[in-house]
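Report on the structure given below.
The values are calculated or read from the model by the stated rules, or taken from the named source; none is laboratory data. Because the structure is predicted, anything quoted here is derived from the model rather than measured. Backbone-built Cβ (ideal geometry, glycine too); neighbour counts: all protein chains shown. Each accessible area value is taken on the protein alone, full model and side chains, heavy atoms only, with ligands, DNA and RNA left out. Shrake-Rupley method; radii C 1.70, N 1.55, O 1.52, S 1.80 Å.
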Amino acid sequence: MLPQNFKWAKVADFESQLTAIYVNEIAVSRLVERLDGSWFVNLAYHLPPPDGAVLHPPRNCRSYETGRAGCEEWARRNERRLRAETAEIAFKKWGHR
């Protein structure tokens, strides 16, 4: 279960499943299905990748369900930080929130 005002949504219309957790209308984690049907997740998706990388480091998941459960646990553990970071990003982007 996600913290209050966190929600699962699709990142793209073509996706068949909910793949990202949003806080303040900003995606903070994203599940991605590979071509072979396996899954990985990018955590802290709302922040620039570390060390000047182009992409966030992927974390492999055993399945969509385990990836989703792991994302929800991560969101609960980091709730306060995620709220603060996304509020700051939203304010800079939209000037409110």
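Give the number of residues within segment 85-94 that are loosely packed, with under 11 Cβ neighbours inside 10 Å and closer than 13 Å to PHE6 by Cα.
Of the residues in that region, 0 qualify.
Could you list all residues from segment 15-38 that are open to solvent by less than 40 Å² (accessible area, probe 1.4 Å), farther than 18 Å from ALA75 by Cα and in contact with a Lys or Arg (Cβ under 8 Å, 6 or more places away or on another chain)?
Residues satisfying the conditions do not exist here.
Among ARG68, ARG76, ARG59, which is the only one that is touching a helix residue (DSSP H, G or I) at 6+ places or on another chain (Cβ under 9 Å) and open to solvent by 50 Å² or more (accessible area, probe 1.4 Å)?
Details: ARG68 fails: touching a helix residue (DSSP H, G or I) at 6+ places or on another chain (Cβ under 9 Å); ARG76 fails: touching a helix residue (DSSP H, G or I) at 6+ places or on another chain (Cβ under 9 Å).
Result: ARG59 is the single residue among ARG68, ARG76, ARG59 that is touching a helix residue (DSSP H, G or I) at 6+ places or on another chain (Cβ under 9 Å) and open to solvent by 50 Å² or more (accessible area, probe 1.4 Å).
Suppose the filter is under 30 Å from GLY95 (Cα atoms) and either touching a residue at least 40 places away in the same chain (Cβ under 8 Å) or not β-branched (Val, Ile, Thr) (or both); does ALA69 pass it? Can you show your working first?
Values: under 30 Å from GLY95 (Cα atoms): no; either touching a residue at least 40 places away in the same chain (Cβ under 8 Å) or not β-branched (Val, Ile, Thr) (or both): yes.
Taking the combined requirement at face value, the residue does not satisfy it.
Checking LEU43 against (1) farther than 17 Å from PHE6 by Cα; (2) open to solvent by less than 70 Å² (accessible area, probe 1.4 Å), only one condition comes out false. Which one?
Only one criterion in (1) farther than 17 Å from PHE6 by Cα; (2) open to solvent by less than 70 Å² (accessible area, probe 1.4 Å) is unmet by LEU43, namely (1).
One line per residue, one yes/no per condition, for (1) modelled with pLDDT under 95; (2) touching a Leu at 6+ places or on another chain (Cβ under 7 Å):
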| residue | (1), (2) |
| --- | --- |
| VAL41 | no, yes |
| TYR45 | yes, no |
| GLY52 | yes, no |
| PRO58 | yes, no |
| ALA69 | no, no |
| GLU73 | no, no |
| ARG76 | no, no |
| ARG83 | no, no |
